[in-house]
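Just so it is clear, none of the values below were taken in a lab; they were calculated from the coordinates. It should be emphasised that the depicted structure is a prediction, and the values quoted were computed from it without experimental measurement. Cβ: placed from backbone, ideal geometry, glycine included. Neighbour counts: every protein chain shown.
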Amino acid sequence: MTLAEVPSVGDLLAERYRLEEHVGGANGHRQLWRGVDVLLHRSVAVVLRSPGGEDAAPTMTAAVAASRTHVDSMVDVYDAVDEGRFAYVVREWVNGSSLRGVLEQQTLESAHALELVASVADAVAALHEGGVTHADLHPGTILLSEDDRVMVTEPRNEPGVTQVEDVRALGATLYACLTATWPRVVPAENTGLPDAATDEWGRVLDAAAVSSQVPARISQLTADLLDHTQAPPSAAELAVELRALAVAGNEPTAAIKVSVEPHEAPTSVLGSMNLGRFKPETPPAGMKRLAVIAAVIAAVLFGGVLTSALVFGGEDDPAEADENVTASDTGSDKGEETTEVAVPTDLPLTPDMIRVVDPPDGDRDNGEGLDALIDGNASTGWSTATYRNNPKFGNLKPGMGILIDLGQAYEVASVRVQMTSAGATVGLLSGNEDPGDSSEGDQAIVDGFTELAAPVENADTNIELQAGGEATQFIVIWVTELPESSGGYKLTVSDINVFVR
């Protein structure tokens, strides 16, 4: 929006919705306002997006789908208007606290967390049935209302976000409820929570390893939902499973005692789930008015946290992320030296450390957008060209890559790659030097660099390539096959993270 187009207090949209207070979203792209429907005399939330038109089409589609869900745990969507210069969705105004506000003060008991996430899954399942994704699930977009409801804010339906990613976000939300941290294997904007603790390989610790109060079955279910090598259930199936676990946990004969060491792997819940027992016609259980939610909100209110819900993707000051966990050898005898195991850390990357590798017969003109790979924003990224003949870059070249100069030799533990589409083949190469930013140099990389991590075929949108701790200064995220895209084959990488010791 230009300055002249920025809405201000008192503006009347659609001759009906008067803007009262700007409460979230400092940039012009997406803003949250508290408003008043002057015809019905009720408070509303107005979510503005700029620009409108084609860019806002997914949001408008999602608003229509949300208005038809008829699920108690989805906020009511009243209107959606596209004025071209901007578009806006009008929904109910919810007084209460965001889930993030609660988790900043305390974790939830397992049974409470299961029922809460099951209610969120009901809303997600309804959206999926309507053909859209939420694409913005995290504790900042889940509300706990003053009248004891769990409410999910309106969906974004961002292009490239799949139903599978929504379900993984449900798993990440369950993990957050149990640990008050967010697992970065599921990208989300400004959750406001610290990053989940990881092991020496950069893998997220199981919830039971973080808190002994988490039953083993629930911990393993959460781990399976976060595991990108496993296909998750649908949102509707997950809601059923979560409620079954909640009921089992409330039965004295089914009490689960947890004594799980961090390295132990309990039997997979997802792997043993009989998905055939979930009949498609089985309706979601619906949102229950939970006394537990009322108790949680009351506790937070007593602590002075409860406010009118400004739930807008986390525009508040987020908690500082703690990504470093160290472990020591506690088994040594007195007088022996205690050894510390260095846990991988996320190496800060700058634009001058990254370039594109495009060997012959590549045209080497795909250098734009590299900054977006390290901006932490999953909605931006770097893209290849579109190849119409086949997924192997039209058989023009062996592949393309992103070269990263780490600045010095590090023991590389893993490299996380977030993409907007599944289906690519992605591996990791390493070498001792950059032979030069030229077509000849790129060919020398193809000929001389060695495999650091085996290629992952038909990769999910979020993968972590395990490098095994080999010391190197130069690595290449190497793509040899592209996913299908509109009009051919194309890959967009949204973010990369390198974990080193």
Ranked from highest to lowest mean number of other Cβ atoms within 10 Å per residue, what is the order of the peptides 236-242, 364-370, 216-222? 216-222, 236-242, 364-370
Mean Cβ count within 10 Å, highest first, over the residues of peptides 50-62, 470-482: 470-482, 50-62
Cα gyration tensor shape for the stretch 3-92, rounded if a/c is under 1.5, else prolate or oblate: oblate
Quick one: which residues, 5+ away or cross-chain, put their amide H under 5 Å from the amide H of Trp182? H built at 1.01 Å from N. Asp195, Ala196
If each K or R counts +1 and each D or E counts -1, the residues other than Gly52 whose Cβ falls under 10 Å of its Cβ total -2
Along the stretch 216-226, what does the Karplus equation 6.51 cos²θ - 1.76 cosθ + 1.60 (θ = phi - 60°) give for ³J(HN,Hα), rounded to whole Hz, x for Gly and Pro? 4, 5, 5, 4, 6, 4, 4, 4, 5, 5, 8
